[in-house]
Amino acid sequence: MTKVRTRFAPSPTGYMHIGNLRTALYAYLLTKSMGGDFILRIEDTDQERYVEGATDVIYNTLRETGLLWDEGPDIGGNYGPYVQSDRKGLYKEYAEKLVEQGKAYYCFCDKERLEKVRHDCEVQKIPPKYDRHCLNLSKEEIQAKIDAGEPYVIRQNMPQSGTTSFEDAVFGTITVENITLDDQVLLKSDGMPTYNFANVVDDHLMAITHVIRGNEYLSSTPKYNLLYEAFGWEIPQYIHCSPVMRDHTHKLSKRDGDASYEDFIKKGYLKEAVLNYIALLGWSPQGEQEKFTLEQLVEAFSVTGISKSPAIFDEAKLAWLNGEYLRELTPEQFYEKALPFIEQAVKNPALDKMKISALLQKRTEKLSDIPEQIDFFDKVPQYSNELYVHKKMKTNEENSKTSLIALKELLSNQEDWTVDGIHDSVMALVEQLGIKNGQMLYPLRVAVSGKAFTPGGGIELAEILGKEETLKRIDEAISKL
RNA sequence: GGCUCAUUGGUCAAGUGGUUAAGACUCCGCCCUCUCACGGCGGCAUCAGGGGUUCGAAUCCCCUAUGAGUCACCA
């Protein structure tokens, strides 16, 4: 049995779209689940779109997420080079082979003529198709034009009758009428192949066994099969994936500003969560497990779980999953990730950020939510005394004031400024006064934070703020009431 | 417009002729609790519509609707 080989073949746009990353993930999972190799190939045949540093984005994202490739531009392999522009010379040879067989032909039509042809089609309301104007040029005519230095392309000569079918692992058998196929350009006038040609040549030369890609290629796949057949090459297994959507009618796109892997990391999502979530978008495992490490995904993955219909990206679920990952971190690990976000809101160096971090861990879904939760540590925000009115706590402005006055008295004599120490003293006071816990603790929270809900309870906040600051805040609160 | 494809709750989805149509997220309620969150328990809500085939259809067939992809010297 031949070794399974899949490839991820992005074009360097400087940006890792979440849908692209999912395709890479599936390709990786498929091949690793069958003990195969994962190949990275850069498709840069459109030099007009070349972006400096774009390949680094691809390398970094793949490396960060653990989708390590076995062969690629940077590490080489037995089937290189792995950058299409470095393979330029080789496509022409194959295109010419096709011309010899009559499966392709030279075309000298310029842009103006092609536009006119297209325009005419539109007017007649028929699907735009090249009119095969150059199909029957004689050898002499062709040679004369080439000698004269006329630019040319090589087009695929599509059969004009019959049908072409192919098998897709997720969509099943798809059949099209050959007559609907356009004579697509294989080799551009600059000598570069089109994607349509390069992907076939390269997939064959690189011994790719399974082609995983977006389903925007579904409708051109018959053309690729015709190419494979013309060359007598073995056709790979096709696995086309439906797109990741923003909503029912729109794909998740760059313009939405949150379609790239980078965007999500910036927002404070963990790479494990992003990867785990996108794995589940359009694929479902056998059992009921939803949380997977990359290794577990490799174990669980199967193409039969890939769904045909487009999936809408649901950030709420990503956030939930991210929260799950955050909660299972050790306090130290969480602290390390949370610190930059804590520091956005807390500048006071006297405050113990590790303690703040501990309060946040169970209350954070994405790290970027942190600053807003703790914006009261440096300075109590403006708040209305109505905050003291809490039905369930049975508090109002009056009894809150009474509680705070008693609390002030108590805490100014408090020696042991630890959560336990404060807790014991306060509880003793509560008992002595014969009130509910909440009637003492809720006013404390408000006085100390200016908020109705906070990460941690009033006592925990007081401990972090320190005795002096706590008393100061209680004082201010009393005078406000 | 032609061609290709898709359609199970708000979202991701299981399901392949006989099920009370899983599960997760969201939302709501209760419990826990000094708030919020976590955790626990419970709840709302789905087979796009219409025809067939069949004893029986979410599952098979046809039509309709809606949506997507494609129709470049982009990938």
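Rounded, prolate or oblate for chain A? Axes are the square roots of the Cα gyration tensor eigenvalues, ordered a ≥ b ≥ c, and the cut-off for rounded is a/c under 1.5. Prolate, since a/c reaches 1.5 and a/b exceeds b/c.
On a 28 Å Cα-Cα criterion, which of the cross-link pairs A:K267/A:K392; A:K92/A:K139; A:K379/A:K408 come out too long? The answer is A:K267/A:K392. Cross-link partners among lysines for A:K111, C-alpha distance below 19 Å, same-chain residues fewer than 8 apart left out? Those lysines meeting the cut-off are A:K129, A:K145, A:K188. Averaged over residues, the count of other Cβ atoms within 10 Å places the peptides A:46-54, A:307-315 in the sequence A:307-315, A:46-54, highest first. Here the gap between A:D56 and A:Q237, fully extended at 0.36 nm per residue and compared with their Cα-Cα distance, gives a gain of 62.2 nm.
Subtracting the Cα-Cα distance of A:F453 and A:K480 from their residue separation scaled by 0.36 nm leaves 7.8 nm.
What's the ranking of A:199-208, A:85-94 by average number of surrounding C-beta atoms within 10 Å, highest first? Please list the in-between numbers first.
Working: A:199-208: 20.8, A:85-94: 15.8.
My ranking of the peptides, most packed first, is A:199-208, A:85-94.
Here the accessible area is traced with a 1.4 Å probe on the protein chains. For chain A, carbon and sulfur cover 50 percent of it.
When the alpha-carbon atoms of the stretch A:1-65 are used, the pair Rg, Dmax equals 12.7, 41 angstrom. Heavy-atom accessible area, probed at 1.4 angstrom with all protein chains present, ranks A:R246, A:R41 as A:R246, A:R41, highest first. In this label model, A:N399 and A:S284 are separated by 5.1 nm, measuring between points 7 Å along each Cα→Cβ vector. Helix A:195-205 and the longest principal axis of the C-alpha atoms of chain A enclose an angle of approximately 90°. Computed over all pairs of different Cα atoms, the Kirkwood value for the hydrodynamic radius of the stretch A:228-267 is 13.3 Å. What FRET efficiency, computed as 1/(1 + (r/R0)^6) with R0 = 45 Å and r the Cβ-Cβ distance, is obtained for A:A316 and A:Q124, rounded to the nearest 0.05? The calculated FRET efficiency here is 0.40.
Assigning unit charges at the beta carbon (Lys, Arg +1; Asp, Glu -1) and nothing else, what dipole magnitude in debye, to the nearest 20, does the stretch A:144-266 show about its Cα centre?
On the way: 10 positive and 18 negative charges, 45 e Å.
Around 220 debye, computed over the stretch A:144-266.
Our summary gives chain A a relative contact order of 12 percent, counting only alpha carbon pairs under 8 angstrom and 6 or more residues apart.
With a 1.4 Å probe and all protein chains left in place, how much accessible area per residue does the stretch A:93-152 have, in Å²? It would help to have the intermediate numbers written out before the result.
Numbers: 4290 Å² over 60 residues.
Each residue of the stretch A:93-152 exposes 71 Å² on average to a 1.4 Å probe.
Stretching A:D352 away from A:K254 to a fully extended chain increases their span by 31.3 nm, per 0.36 nm per residue minus the current alpha-carbon distance. The Cα center of the stretch A:296-310 and the Cα center of the stretch A:407-481 differ in position by 53 Å. Applying a 4.7 Å Cβ-Cβ cutoff to chain A, the cysteines left without a disulfide-compatible partner are A:C109, A:C121, A:C241. The calculated FRET efficiency for A:V176 paired with A:L329, based on their beta-carbon distance and R0 = 45 Å, is about 0.30. On C-alpha positions alone, give me the angle between the axis of helix A:18-33 and the longest principal axis of chain A, in degrees, nearest 10. Helix A:18-33 and the main axis of chain A meet at about 80 degrees.
Hey, for a label at A:S309 modelled as a point 7 Å past Cα toward Cβ, could you say which residues of the stretch A:227-271 have their backbone N under 12 Å away? Flagged as within label range: A:248.
Secondary-structure-derived ellipticity at 222 nm for chain A, considering helices only, amounts to -13500 deg cm²/dmol, per-run term -39500 (n - 2.57) for DSSP H runs with n ≥ 4.
The values are calculated or read from the model by the stated rules, or taken from the named source; none is laboratory data. Worth saying up front: this structure is predicted, and the values here are computed from it rather than measured. Positions of Cβ are generated from backbone atoms using ideal geometry, with glycine treated the same way; all protein chains shown enter the neighbour counts. Heads up: the accessible areas ignore ligands, DNA and RNA and are worked out on the full protein's heavy atoms, side chains in. Shrake-Rupley method; radii C 1.70, N 1.55, O 1.52, S 1.80 Å.
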